[in-house]
Amino acid sequence: MKSHNCCFLIVVLLFLSGQLLAQTITISARVIDRETKEPLPFASVGLKNRPIGTITNLHGEFDFHIPIEFRNDVLVINMLGYQPYENPAWTITDKLNIEMVKSTKFLDEVVVSDSLRGGEILSIALGRITQNYPMKPFLLDGFYRDIKEVGGTYVSLLEAAVKIFDEDYKAPRNKFKLRERVALQEVRRSLGYENKFTAYFDEGNLLEDILLHNNIRYRQFPEEEIFFKGMIRGKDSYYNGHPVYVISQKYNYRLTIFVDKNTYGIIHLEYENNEQETIRKRRGLVSKFVNLKRVIDFKSYNGVLFLNYITLDSKINWYDRKTEELKFETQLHQQLLINKVYPNTDEYIGTTEKMKNYGLQYQDLRYNKEFWDNYNVIKESPLDRKIINDLEKDMSLDKQFRKNN
């Protein structure tokens, strides 16, 4: 009898330990500037020497879901121009303000002894892509979100959990043909995708589109000498404990690139273009591109730079084809966050697993609320309440997600 009880106890303990290992804990906090108390959006949040992470929202807030066995790991937060923040994960409590310290004092002590110009720095950085970025097959877990806006009102929301596979960062033959393979894990969308105005947005695969905006992966830089001569070197910055070159260019667009001074790895890129051009015609209307903003960020893991996040905001206005009167404005907001890296992987996304190349809104998967409750997404901020209020005029988003099953 005792042996039976002992066996039963062992089984129970094994079950409980298995449940414990499957559990996650959530670290929630707000990242701010120590002096100004202003929030720091898009700061990188992760665990030291672990391939998982998230980023802060526009109000500097984050929810970071981690396996419970990682609770004693060191939480690391990095932001351009700031010293890294490090503390044991278990010490971070809900609604805590984490104060980041600017690296100004450090930079003032640095003596710039090199005479490299902006174009030379960029040329070296592009030449070292195969040294600084993954050159063996790798897999990424990603969170994708797109929001469509018409005339200041948000009309649709789509979010997806994806796996992204790539062979390496070798220069592609075609700079505008997707090399990554993407598999959809979960998709949820609002009823706004039935809205009549969605037809005025690009109905292709927007996730493929944002991946193709990775200028470093696809070497989408002009090769003319005048482009490199136009790069201006600014004051150095600081990131993840390293000094960083800051180079920029301004013509009919603005381009700023941040390059690690030790490795010449491009860690961050910001681009904005306000040049207007006609795009297409539809139902007596003509559309004109008005503005495009793109931000690309990389995070180092085991000495290799992997994609951290991409944001893409585009604005297109629609005019009467005859009178040229403005009829309505559209904006598309896209975000891709990489929340886990699998370097040197043997796993491969096959043809049957690969997502289709048409719009994600047509690639329905059943809404899995339990999955989303523990998945690292970009946290909702007070600013997002406007989006939610617009989208929930008829019913809650949760009901819409379920209705779209």
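The values are calculated or read from the model by the stated rules, or taken from the named source; none is laboratory data. Keep in mind the model is a prediction, meaning the values are calculated, not measured. Neighbour counts run over all protein chains shown; Cβ positions are idealised from the backbone, glycine included.
For the residues 184, 140, 158, 178, the requirement of being at pLDDT below 90 and within 18 Å of the chain's Cα centre (by Cα) singles out 158. Scanning region 48-72 for residues that are free of Cβ contacts under 8 Å to residues at least 40 places away in the same chain and either small (Gly, Ala, Ser) or within 19 Å of residue 310 (Cα to Cα) (or both) yields a total of 1.
Would you kindly identify the strands (runs of 3 or more DSSP E) lying entirely within region 229-274 that contain at least 3 residues that are in contact with a helix residue (DSSP H, G or I) (Cβ under 9 Å, 6 or more places away or on another chain) and more than 16 Å from residue 299 (Cβ to Cβ)?
Ranges flagged: 242-250.
From 226, 210, grab the single residue that is out of contact with any helix residue (DSSP H, G or I) (no Cβ under 6 Å at 6 or more places or on another chain), in a helix (DSSP H, G or I), of a type outside the set (D, E, K, R) and free of Cβ contacts under 8 Å to residues at least 40 places away in the same chain.
On the way: 210 fails: free of Cβ contacts under 8 Å to residues at least 40 places away in the same chain.
The conditions single out 226.
Per the listing 330, 311, the residue uniquely surrounded by 14 or more Cβ atoms within 10 Å (Cβ to Cβ), in the same structural domain as residue 140 (by TED's automatic domain parsing), in contact with a Gly (Cβ under 9 Å, 6 or more places away or on another chain) and assigned to a strand (DSSP E or B) is 330.
Given region 43-83, what strands (runs of 3 or more DSSP E) lie entirely inside it while holding 2 or more residues that are of a type in the set (A, V, I, L, M, F, W, C)? Steps first, answer last, please.
Working: elements: 44-47, 53-55, 61-67, 74-78.
Filter on region 43-83 gives 44-47, 61-67, 74-78.
Inspection of region 101-119 identifies no residue that is of a type in the set (Asp, Glu) and at pLDDT 95 or above.
Would you call residue 345 modelled with pLDDT of 90 or more and assigned to a loop (DSSP other than H, G, I, E, B)?
Working: modelled with pLDDT of 90 or more: yes; assigned to a loop (DSSP other than H, G, I, E, B): yes.
Considered against the rule, which asks whether it is modelled with pLDDT of 90 or more and assigned to a loop (DSSP other than H, G, I, E, B), residue 345 comes out as yes.
Condition (residue is buried (at least 19 other Cβ atoms within 10 Å of the Cβ), touching an Asp or Glu at 6+ places or on another chain (Cβ under 9 Å) and without any contact (Cβ under 8 Å) to a residue 40 or more places away in the chain) applied to region 244-256: is it met by at least one residue? Lay out the reasoning, then the answer.
Let us first name the residues in region 244-256 that are buried (at least 19 other Cβ atoms within 10 Å of the Cβ), namely 244-247, 249, 255.
Those still in the list that are touching an Asp or Glu at 6+ places or on another chain (Cβ under 9 Å) too: 244-246, 255.
Filter once more, keeping what is without any contact (Cβ under 8 Å) to a residue 40 or more places away in the chain: 246, 255.
Among the residues of region 244-256, at least one is buried (at least 19 other Cβ atoms within 10 Å of the Cβ), touching an Asp or Glu at 6+ places or on another chain (Cβ under 9 Å) and without any contact (Cβ under 8 Å) to a residue 40 or more places away in the chain, which makes the answer yes.
Scanning region 275-308 for residues that are part of a strand (DSSP E or B) and acidic (Asp, Glu) yields a total of 2.
Considering only residues of region 315-358 that are polar (S, T, N, Q) and touching an Asp or Glu at 6+ places or on another chain (Cβ under 9 Å), which is farthest from residue 156 (Cα to Cα)? If you could, list the steps in order and put the result at the bottom.
Step one: list which residues in region 315-358 are polar (S, T, N, Q), which gives 317, 323, 330-331, 334-335, 339, 344-345, 351-352, 357.
In the following step, the residues that additionally are touching an Asp or Glu at 6+ places or on another chain (Cβ under 9 Å) were identified as 317, 330-331, 334-335, 339, 357.
Numbers: 317: 18, 330: 12, 331: 11, 334: 12, 335: 14, 339: 24, 357: 20 Å.
Per the criteria, the residue is 339.
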